[in-house]
Amino acid sequence: MEQLKAGLFEDSCFFLPAFSLSLYLCSFLTNSLLNQQFLVSHFLVCKNYKHITLFYIIGVEGTNVEGTKETIKALIDLTRAHFFLVWILLFYSGLALAFSNYGEFSWEITLKAVLIGLFGFEGGLVLNDYVDRKRDRLDVEESLTGYWRPFKSRPLPSGRLSPDFALAVFLLLSALTGILMLTLPYPNSLYVFLTMLSSCIIEYFYQVKRKNQSFPIAQLIGRMDFALFPVAGYLCYGRPDTSLFLYLLFFYPWTLAHLAVNDFIDTENDRARGIKSVPVLYGTQGTLFWISGFTLLHYLAALLFLKQLGSIAFYGFLLGFLVIGFANYKLLKEKSQKAGLSALLFYHVSLVLYSGSIILDSFF
């Protein structure tokens, strides 16, 4: 490590912009915590000042290229990075609705909100993995892992990343989210902070409670963490009001149906882990009834929410209804894990349709 540092400084002039300096300090703290070598985004100006060389070194155990690649893959799996656009759209749909209700569009608030939504949701996913790291070692099959993780592996149980590293990532993402929230106008900064903090606490409750229950209280309370996500987006600019309440009422049943589809696919793993998910508690038929019932409630709540929206949202929602209606039909007909994976994809497609149509409706 000392030789690498010497190589960066030897016969050269070294500078770091403010943002790169902050990343460097974060990496230094992470290195201290993990006792691993971890450098981020160093800019080197050569002695003759004619060339600027960018060194982007991110990884563990020195500068081994293969090790670096594996670390990046593990980080992508840890954060489910291929879904990042979905979370941004969902968070921003709340903000777009607030712009429509409260005033003009703001690029500054938009940029802050996008980063808050991205860092906040990714932090929640990392927390999920950190809390469940021991029980995830008990998995007996990997169908759902392949859907959520592009490199088809859970990085903590597999040993690709250490728990301390994951905790450091969570703390870093949480810190960045918190800093960005503080830059929002008051009282929006307070609204968003309390909402995101509540979501984080509820997520932890869900992870712990679902291991010891005879009634799915963990699911009924725990899915509020997801349901509060577009609420936080709305509160970046808006205030608690009827539109916000109706958005929450519309989205909450969707989150419960979505979670049950996810757990339906992962039933064997939940049994092996000792997790009392809806499929473990109620079996296949009970789970299908749960999914269909909350989907129906979602439809009914949408009728109220649509009164706050325009024609673009109406047609977007109609497409979303058809997509998750087909997902329910496929599940009820086939009752298989394969059908569950298809249904999960359709639920995510519906989420993009809802979010995208709310955004478009707010601007046109």
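The values are calculated or read from the model by the stated rules, or taken from the named source; none is laboratory data. Here the structure is a predicted model, which is why all the values come from computation and not from measurement. We place every Cβ from the backbone using ideal geometry, glycine too, and count neighbours over all the protein chains shown. What goes into the accessible areas is simple: the full protein's heavy atoms, side chains included, and nothing from ligands, DNA or RNA. Shrake-Rupley method; radii C 1.70, N 1.55, O 1.52, S 1.80 Å.
Of note:
- Selection from region 303-317 of residues that are in contact with a Ser or Thr (Cβ under 9 Å, 6 or more places away or on another chain) and among the aliphatic types (A, V, I, L, M): 309, 312, 313
- A count restricted to region 167-220 and to residues that are open to solvent by less than 50 Å² (accessible area, probe 1.4 Å), among the aromatic types (Phe, Trp, Tyr) and under 30 Å from residue 287 (Cβ atoms) stands at 1.
- The number of residues in region 230-246 that are open to solvent by 10 Å² or more (accessible area, probe 1.4 Å) and among the aromatic types (Phe, Trp, Tyr) comes to 2.
- The set of residues in region 120-166 being out of contact with any Pro (no Cβ under 8 Å at 6 or more places or on another chain), among the acidic types (Asp, Glu) and open to solvent by less than 50 Å² (accessible area, probe 1.4 Å) consists of 122, 132, 141.
- Some residue of region 85-100 being of a type in the set (A, V, I, L, M, F, W, C), more than 21 Å from residue 240 (Cβ to Cβ), part of a loop (DSSP other than H, G, I, E, B) and in contact with a helix residue (DSSP H, G or I) (Cβ under 8 Å, 6 or more places away or on another chain): no
- Residue in region 85-101 that is open to solvent by 20 Å² or more (accessible area, probe 1.4 Å), in contact with a Phe, Trp or Tyr (Cβ under 6 Å, 6 or more places away or on another chain), touching a residue at least 60 places away in the same chain (Cβ under 8 Å) and more than 14 Å from residue 360 (Cα to Cα) present: no
- Filter result (of a type outside the set (Phe, Trp, Tyr) and open to solvent by 20 Å² or more (accessible area, probe 1.4 Å)) within region 247-263: 248, 249, 262
- Against the list (1) touching a residue at least 12 places away in the same chain (Cβ under 8 Å); (2) farther than 25 Å from residue 198 by Cα, the condition residue 118 fails is (2).
- Scanning region 111-156 for residues that are among the aliphatic types (A, V, I, L, M) and in a loop (DSSP other than H, G, I, E, B) yields 140, 156.
- Taken over region 264-294, the criterion of being open to solvent by less than 30 Å² (accessible area, probe 1.4 Å), charged (D, E, K, R) and in a helix (DSSP H, G or I) is satisfied by 270, 273.
- Some residue of region 307-319 being open to solvent by 10 Å² or more (accessible area, probe 1.4 Å) and within 24 Å of residue 203 (Cα to Cα): no
- Within region 326-344, being touching a residue at least 24 places away in the same chain (Cβ under 8 Å) and either open to solvent by less than 10 Å² (accessible area, probe 1.4 Å) or part of a helix (DSSP H, G or I) (or both) holds for 327, 328, 331, 332, 337, 340, 341, 343, 344.
- Of the residues 193, 170, the single one that is in contact (Cβ under 8 Å) with a residue 12 or more places away in the chain, more than 16 Å from the chain's Cα centre (by Cα) and in a helix (DSSP H, G or I) is 193.
- Tally, over region 213-232, of residues that are touching a residue at least 24 places away in the same chain (Cβ under 8 Å), assigned to a helix (DSSP H, G or I) and more than 15 Å from the chain's Cα centre (by Cα): 3
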